[in-house]
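First comes the structure, then the notes that go with it.
The values are calculated or read from the model by the stated rules, or taken from the named source; none is laboratory data. In this text, all values refer to a predicted model and were calculated from it rather than measured experimentally. FYI the Cβ positions are ideal-geometry reconstructions off the backbone, even for glycines, and counts take in every protein chain you see.
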Amino acid sequence: MAQPKLVNEEKNHVDFEKVESSPQFKKLMENKKKFIVPMTIFFLVFYFLLPISTSYGTFLNTPVFGDITWAWVFAVAQFVMTWVICSIYVKKANTFDKDADQIVKEQIERGGKA
Amino acid sequence: MDPVVIILFLAIVLLTLVITYFAAKRTKSTGDFYTAGGGLTGWQNGLAIAGDYLSAASFLGIAGAIALNGFDGFFYSIGFLIAYLVVLLLVAEPLRNLGKYTLADMINSRFNAKRVRGAAALSTITIVLFYMIAQLVGAGALIQLLFDIPYWIAVLIVGVMMTIYVLFGGMIATSWVQITKAVLLMAGMIIISFIVLLKFNFNIGAMFTEVKTATSHGADYLNPGIKYDNPLGTISLMLALVLGTAGLPHILMRFFTVKDAKTARSSVITATWTIGIFYILTLFLGFGAAIYVGQSEILAANPGGNMAAPLLAEAIGGNILFAFISAVAFATILAVVAGLVLSGASAFAHDIYGEIVKKGKATEREQMLAARYAALGVSVLSILLSLGAQYLNVAFLVSLAFCIAASANLPVILYTVYWKRFNTSGAVWALLTGLISALVLVSMSPSVFSPVEGTALFVGNPIFPLDNPALVSVPLGFLGGYLGTIFSKEYDFKKYAEVKVRANTGYRSSN
């Protein structure tokens, strides 16, 4: 997301409402939403399942490997989940960046008049 | 005192002063002072975030909590890490795209109202002061133990050091102190974990089997429930941890030190990997301490368990490792409090003085002076408060700071970026409802009132049952913002269109 020179905005005022209602921008928002909302719901549910299941039950106390129980496996899975989501997001965000740069170039620098 | 301890201690003091000297020469504008001129790279800022975030409470507190309470201690590690997904997916990039120096800047990119800025500055200052007192009191007690010097001298040493970094070197010095500390801390963690694992021939299963018989808890040590036996209390704490980070002023401020949202993103990634590895390693420190130091000895050194990590270092690596880990703990404290001073100073000098009193018309020279006076003021105030708080049990202040951040700051950040109808009165309501409800509920909680003398600030029965009120105060913060918005007729869809476009494309005007 380069920060473009500001000359254009000063010369002709950007119509942000027009940019916002452009199909290009709407598509970007749609794509972001389709990724971020389900991911956020997923990681919050995954996270709260741990304290909820340890607080209201003891079924996670059954061993998996030797003395390591499901509670520990679930706890470590939280770390793995965090790193996996980070990596997926970075990939995904690169496509968002491209779309955003295009919107800046094609619409805003022309004063939202494209 | 051991000469090795003194040498390493002085080495850290010297190193950070050299950093500050060079940073001071590069600090010429308010932009340099608050945000290092926005010139940090992704990995630099990522390490600085880790250095800013991993406090002595994380390093020493969690190692101790795991050593004493087993699985329950590890809850903190998990919450503190997952919080970065909230930062990454919802907060970091729009924040970078909309803000300049402070959280209030970001909210005011949409509203430009003094009362919003004032409320945001108030919540920032409250969080910073609580967090700072917790850090300084903890630091004083710890340095007293590590280096065998009186509490007030320990607090003064840390206080003077943090003041010097921020006063002269601003964000550049603070960032590099944090980066240095992050590297030292990770090195210390990896060395201890490696030695612990080596003793078990890298058989983690064997370590679990050993620790099962090493403590007075027996097999229960490996199961959840030793410390957190109140389900709602546990969930409330976990809520504060996961949502609080994304509202902590000193963490949010770090995102203004990079040039754009893409770099902000890559710094969160570096931070998340570093912090994640750190918190995994807390497990080996905690178990190691339970096995090689033993719970009774940990408790004898410090009832909060804070000495578990240094004692483990001594038990498995002798004096040299003990000295190194003590020095790392010292560096850890310095890096965190410096970040706090800076974010507190920015709220006073930039938000209250520069934008509210001077209406954004202060000259560069005035702004710089104000920033330095504010840094000095925040430092002196927190040193004085901490000197008076030596005998108070302040551990709960950290989770209170997270709770206020989650209840007051996060709702406003999310509404500002994502809710079209949101307005000025909603922003003030969200901030104040979150802040006040967290404070009031904590003041009635078991952290403040306990029937057993000496375990809390006052003797008495708590009116509110949860130690950490996030489960109630976070929804109240969101509700306050919602009601404040819909009860006011004000709306500005045109401005929101601009905010939305800027937040998502990184497009900026000249300000």
### Query
Which of the following residues is surrounded by 24 or more Cβ atoms within 10 Å (Cβ to Cβ), away from chain A (no Cβ under 14 Å) and either touching a residue at least 60 places away in the same chain (Cβ under 8 Å) or over 25 Å from A:Val76 (Cα atoms) (or both): B:Thr102, B:Thr41?
B:Thr102
#### Entry: Tally, over segment B:460-511, of residues that are at pLDDT below 90, farther than 30 Å from B:Thr234 by Cα and among the polar types (S, T, N, Q)
3
### Residue check, A:Ile88 more than 7 Å from chain B (Cβ to nearest Cβ) and either within 11 Å of the chain's Cα centre (by Cα) or modelled with pLDDT under 95 (or both)
yes
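The rows are residues; the columns are (1) aliphatic (A, V, I, L, M); (2) under 30 Å from B:Thr180 (Cβ atoms).
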{"site": "B:Val196", "(1), (2)": "yes, yes"}
{"site": "B:Thr213", "(1), (2)": "no, no"}
{"site": "B:Ala219", "(1), (2)": "yes, no"}
{"site": "B:Pro224", "(1), (2)": "no, no"}
{"site": "B:Asp229", "(1), (2)": "no, no"}
{"site": "B:Leu237", "(1), (2)": "yes, no"}
{"site": "B:Gly276", "(1), (2)": "no, yes"}
{"site": "B:Leu285", "(1), (2)": "yes, yes"}
{"site": "B:Ala290", "(1), (2)": "yes, no"}
### Query
Would it be correct to say that B:Ala327 is under 17 Å from B:Leu8 (Cβ atoms), touching a Lys or Arg at 6+ places or on another chain (Cβ under 6 Å) and among the aliphatic types (A, V, I, L, M)?
no
### Message
Among the residues that make up segment B:84-98, is at least one of them buried (at least 23 other Cβ atoms within 10 Å of the Cβ), more than 14 Å from every other protein chain (Cβ to nearest Cβ) and of a type in the set (Val, Ile, Thr)?
### Response
no
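A quick yes/no check of all residues on (1) buried (at least 24 other Cβ atoms within 10 Å of the Cβ); (2) within 8 Å of chain A (Cβ to nearest Cβ); (3) of a type in the set (Val, Ile, Thr):
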site: B:Ile226; (1), (2), (3): no, no, yes
site: B:Asp229; (1), (2), (3): no, no, no
site: B:Ala240; (1), (2), (3): yes, no, no
site: B:Thr245; (1), (2), (3): yes, no, yes
site: B:Leu252; (1), (2), (3): yes, no, no
site: B:Lys259; (1), (2), (3): no, yes, no
site: B:Ala264; (1), (2), (3): yes, no, no
site: B:Ser267; (1), (2), (3): yes, no, no
### Query
Can you tell which of B:Phe422, B:Phe396 is among the aromatic types (Phe, Trp, Tyr) and crowded, with 24+ Cβ neighbours inside 10 Å?
B:Phe422
### Residue among B:Phe464, B:Phe493 that alone is facing chain A (nearest Cβ under 8 Å), of a type in the set (Phe, Trp, Tyr) and surrounded by fewer than 21 Cβ atoms within 10 Å (Cβ to Cβ)
B:Phe493
### Task
Return yes or no: is B:Ser77 more than 14 Å from chain A (Cβ to nearest Cβ) and in a helix (DSSP H, G or I)?
no
### Query
What number of residues within segment A:58-80 satisfy the criterion of being at the interface with chain B (Cβ under 7 Å from one of its Cβ atoms) and of a type in the set (Val, Ile, Thr)?
2
